[in-house]
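Here's the structure, in structure tokens; my notes come after.
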There are 2 protein chains.
Amino acid sequence: MEGISYEACAVAGRYQLDNLIMIYDSNRITIEGDTSLAWTEDVRLRFEAQDWKVLETDGHNYEQIDKTLELAKRENRPVLIIAHTIIAKGALEMAGDHNSHGAPLGDDLIARAKEAAGFDPEKKFYIPDDVLVRFRCAVEEGELAEREWNHLLKQTPYIEQNEALERLLHPDFDAIEWPKFEAGSDVATRDSNGKILNAIAKAIPGFFGGSADLAPSNKTELKDMGDFPKGKNVHYGIREHAMAAITNGIAAYGPLLPFSATFFVFSDYLKPAARIAALSGLQHFFVWTHDSIGVGEDGPTHQPIEHLSQFRALPDFYTFRPADATENVACWKIALKTKKPSAFVCSRQKLKVLKDDIAYGGVENGGYMIKKRDNATVTLIASGSEVMLALQSGCHLEERGIMANVVSVPCYELLCEQPNEYIDTIIDPKTKVLAIEAASGLEWYRFADDVLRMESFGASGKADELFKYFGFTIPNVIERVEALLAR
Amino acid sequence: MEGISYEACAVAGRYQLDNLIMIYDSNRITIEGDTSLAWTEDVRLRFEAQDWKVLETDGHNYEQIDKTLELAKRENRPVLIIAHTIIAKGALEMAGDHNSHGAPLGDDLIARAKEAAGFDPEKKFYIPDDVLVRFRCAVEEGELAEREWNHLLKQTPYIEQNEALERLLHPDFDAIEWPKFEAGSDVATRDSNGKILNAIAKAIPGFFGGSADLAPSNKTELKDMGDFPKGKNVHYGIREHAMAAITNGIAAYGPLLPFSATFFVFSDYLKPAARIAALSGLQHFFVWTHDSIGVGEDGPTHQPIEHLSQFRALPDFYTFRPADATENVACWKIALKTKKPSAFVCSRQKLKVLKDDIAYGGVENGGYMIKKRDNATVTLIASGSEVMLALQSGCHLEERGIMANVVSVPCYELLCEQPNEYIDTIIDPKTKVLAIEAASGLEWYRFADDVLRMESFGASGKADELFKYFGFTIPNVIERVEALLAR
């Protein structure tokens, strides 16, 4: 019933995946009762509409299952096998009852069911001899097949394939020709990110991915690298959830390094899959552009507010929000070496490139001091597009005799992992701390005395007008700092 | 392509909604290019599989559209009209081009297209006389129909229906017989919440709802009130996203007060609809049970960690997490009067009822001091199941000569809305503050010097074992408080 199952099966049908057989255990039972309570679909028709081959079998008849599987293997497109079953079959009066889903059967019923099936009701965890023999034979057959396979692997053409696999398993990140960005130039981080994706994909055979129908906006097109399945660009369609789940599957498989992409606000559609990526430690690269109120006139529906907070609160997940193109490169260098999911939260609007080159260690620690002033009484913390505002505000504060250090935090989670000694070197405990973020920003109170943040949804307007409207201005930063110092 | 469209249309098909005609503008274009890039579905078959009637029309032929709509109105089930269209029709060389979706056509093309269509290319925002006459006639026809309708409304049987509508529009919340809970008894807040839902539904005609196939676990069954559409219990199936979107629609319609329900961790599946509820100011009641690591052996997949943070960061949305059954009642009293979405985050495990009756004002302010001690040097803040731990720890601290106030915060967002003067009365600025929450809890740093929180995913085990394992124990609270005082 879940929407993702339709999305994913539509993708399988579109690509006519020919090594996919799905067995659907159709017992017509849900937790609340019979499926008809909530569901009257024609499953065969539904899958045929998505270009699958549909077969049916009695799910309790082993010979029929075997024959149906053999038929399925002959198809060169995805196959659904509808296996008609009875839930709790053999459990006497509980067979077919929806209560058997969640509640234990009880000792009495188990004993009576065993008896009815011809087993000794007293015996538990008992394996009859004939079953044992059959399973032990299966082990021998499997070992034989493995030996034959290993023998084959040593012959052509498998030698070549093994070498290709080795290259996938041990990607040479030193071969990446990272793009360079000139300090002072204006580059949206979605653009720098697009160049980085292309550079990585060129050098690393297993690096590929696509967008949920937003490649032109996400800047994720891998140029001259063709379309999946022959090439590297996957067109996932408007299916964020399936895209992220499929990308999780590719990452879980092993040798490939896949990315997915959408607008940051649409990360909501794939949140369950982002959580699975974190739980399972999958190296899935999420590209999320249009990262704040600076997305243009689409308005509040397209302007993330709570999303940075929600992903920073997710364990085992790294949310990178680079301040400029150069930090963007540094973030990718870290993510490629991290066996966890990473998200790249990138701007639509242009951002000034702050430096040609960056002290790699600074970004690796999640945050670093981007501007140090002697005798500072204030620390300004920011990420992404707000780092420039912090730097500019620092200069204006200096003119007023208020010395402020400025800290850029491209990865909040990495900063939280650092020892207090490091954090104290960049956020001097003797200073008053103001964090600036054009988002909910509640998590910044961990480091800050005050947070200049979005306290409502956004609005429709040009990026610079909205930043002004919502108080992300030099005068407002100065006012907040002075209020902090007066506390 | 989005999964929610399948979920919602399956529900429409299941209930054979007979006042629903959907027109599908089939121009075969997406942002990345032709739909065939990502999509090969047979739309007719797909909707027929979901028990819809499917009609087709040339989407540019007005007479055919009119005839098709007349046919559709005669059906007594949901109807899809596939309208075959050309994107940017009439825009000469851009007709049918996917670039016409996002990019402006340009002055030159617009002028040439006007000329080709027989218009004066110089004229902008021009309405030809015959069009004007036709539209003015339509206004007159509409006014006539409205007058007839208003006349009808004054006759039987409409008088009775009007009275029923009045009762829906002005629900009498004073008629609710709120359940009472005995201090000292053990009641899971999912159970108290279930009793509250039943009490409200009995007294308020427009209050109804259902769960995404988890009613027995969410405790949302409205007893003896029948199944939708004749009764009040809706079986949404395993379709969280459509459930929440449909509930949004019902709330937007006006006179009804709908709720939806699932496990808190599955709120991920409906996050986009929760955001729409907040953006649109819809009075949608979200029931989210199984609210922490205390959900039993299902393990980390079923244990929310980041979810409280993510919804507290969402603007215009209230996340209630009551500490006991009595707070639960107080939270509902507030939510019924709030024209915004509210979520009820309830425990699976039993919680001690702390009070028979609660100072209503305390909960209305989001948080209140549940235990005050003279000369306190410490404030413990908690919500939900951790309030009991805070109270117990306060007693143990007192034995050690450390006086701690205890603050219960059933609604973080409401507390944040209070003036600083109020907050200072419950969280004394002279005290060291420890917040306790069995979740990510980053947002508590706004009020707290330290937060005892979940810093990882959960684990599989019984609630009490897991609370111990993750440090939610009296000794650990004491240790954290002593460390704070020693800072």
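Side notes on the structure shown:
- Rounded to the nearest 100, the interface formed by chains B and A buries 5900 square angstrom of accessible surface, both chains summed, with a 1.4 Å probe.
- Taking the stretch A:14-122 and dividing mean pair separation by its residue count, relative contact order in percent (alpha carbons under 8 Å, at least six apart): 32
- Bridge type composition, the protein assembly as shown - antiparallel percent by DSSP, nearest 5: 15
- Summary for A:Ser26: label point 7 Å along Cα→Cβ; distances to the equivalent points in the other copies, ascending, 2.6 nm.
- Chain B, relative contact order [Cα under 8 Å, separation at least 6], %: 11
- For B:Val54, distant residues with modelled amide H under 5 Å away: B:Leu80
- Other protein chain Cβ atoms within 10 Å, averaged over every residue that makes up A:311-320: 4
- Ordered from highest to lowest accessible area with the whole protein assembly present and a 1.4 Å probe, B:Asp224, A:Asp130 read as B:Asp224, A:Asp130.
- Under 27 Å from A:Lys430, Cα to Cα: lysines that are on another chain or at least 8 residues apart: A:Lys371, A:Lys372, B:Lys430, B:Lys432
- Positive-end residue, the stretch A:411-476 charge dipole about Cα centroid, Cβ charges, pick of A:Phe447, A:Asn476, A:Cys411: A:Asn476
- Take the Cα of A:Glu160, step 7 Å toward its Cβ, do the same at B:Met22, and the gap between the two points is 4.9 nm.
- Within 10 Å of each Cβ in B:442-449, the average number of Cβ atoms from other chains: 5
- On the rotation that sends chain B to chain A, the chain B Cβ lying closest to the axis gives residue and distance in whole Å as B:Gly3, 1.
- With 40 Å² as the minimum drop in accessible area between chain alone and full protein complex (1.4 Å probe), the qualifying residues in the stretch A:33-71 are A:Leu37, A:Ala38, A:Thr40, A:Glu41, A:Leu45, A:Ala49.
- Set of lysines with alpha-carbon distance to B:Lys114 below 17 Å, sequence-local pairs under 8 removed: B:Lys89, B:Lys123, B:Lys124
- Under 5 Å between amide hydrogens, built in the peptide plane, is the criterion, and for A:Val407 it picks out A:Ile370, A:Leu380, A:Ile381, A:Ala382 among residues at least 5 positions away or on other chains.
- Label points for A:Lys430 are taken 7 Å from Cα along Cα→Cβ. From this copy to the others they lie 2.8 nm apart, shortest first.
- For A:Lys271, the aspartates and glutamates whose Cα comes closer than 17 Å to its Cα, not counting residues fewer than 8 places off in the same chain, are A:Glu2, A:Glu7, A:Glu240, A:Asp291, A:Glu306, A:Asp316, B:Glu2, B:Glu240, B:Asp268, B:Glu306.
- Summed over qualifying helices (DSSP H, 4 residues or more, each -39500 (n - 2.57)) and divided by its residue number, the protein assembly as shown shows a 222 nm mean residue ellipticity of -12000 deg cm²/dmol.
- Taking A:His98, B:His290 and ordering them by how much accessible surface each has at a 1.4 Å probe, largest first, produces A:His98, B:His290.
- For chain B, carbon and sulfur atoms together expose 52% of the accessible surface, with a 1.4 angstrom probe and every protein chain in place.
- Shape call, the stretch B:347-486: gyration tensor on alpha carbons, a/c limit 1.5: rounded
- Using a probe of 1.4 angstrom and keeping all protein chains present, the accessible surface of the protein assembly as shown works out to 46 square angstrom per residue.
- Note, ³J(HN,Hα) from phi for the stretch B:18-25, Karplus 6.51, -1.76, 1.60, rounded to Hz, x at Gly and Pro: 9, 10, 10, 10, 10, 9, 9, 6
- Which of B:Lys230, B:Lys124 is most accessible, then next, and so on - probe 1.4 Å: B:Lys230, B:Lys124
- Among B:373-380, A:345-352, B:216-223, A:419-426, the order from most to least packed when residues are scored by Cβ within 10 Å on average: A:345-352, B:216-223, B:373-380, A:419-426
- Peptides ranked, highest mean first, by Cβ atoms within 10 Å: ranges B:478-485, B:407-414, B:328-335, B:449-456: B:407-414, B:328-335, B:449-456, B:478-485
- Restraint check, B:Lys180/B:Lys352; A:Lys232/A:Lys352; B:Lys180/B:Lys202, Cα-Cα greater than 19 Å: A:Lys232/A:Lys352
- Charge dipole magnitude, Cβ of K and R +1, D and E -1 - the protein assembly as shown, Cα centre, debye nearest 20: 1220
- With the label put 7 angstrom out from Cα along the Cα-to-Cβ vector, B:Pro475 ends up 5.9 nm from the copy partners, going from closest to farthest.
- Less than 5 angstrom separates the built amide H of B:His284 from those of B:Ser342, all sequence-distant by 5 or more or on a different chain.
- For the stretch A:223-238, accessible area lost to neighbouring protein chains reaches 50 Å² or more, against the chain alone with a 1.4 Å probe, at A:His235, A:Ile238.
- ³J(HN,Hα), Karplus 6.51/-1.76/1.60, whole Hz, each residue of the stretch B:374-381, x for Gly, Pro: 5, 6, 5, 10, 9, 10, 9, 10
- Per-residue 3J(HN,Hα) values for the stretch A:454-463, derived from phi via the Karplus relation 6.51 cos²θ - 1.76 cosθ + 1.60 with θ = phi - 60°, read 7, 10, 8, 5, x, 8, 8, x, 6, 3 Hz in sequence order (x marks Gly and Pro).
The values are calculated or read from the model by the stated rules, or taken from the named source; none is laboratory data. Note that the structure is a prediction, hence the values are computed from the model and not measured. Here Cβ is always computed from backbone atoms with ideal geometry, including for glycine, and neighbour counts include all displayed protein chains. SASA here: full protein model, heavy atoms, side chains in, ligands and nucleic acids out. Shrake-Rupley method; radii C 1.70, N 1.55, O 1.52, S 1.80 Å.
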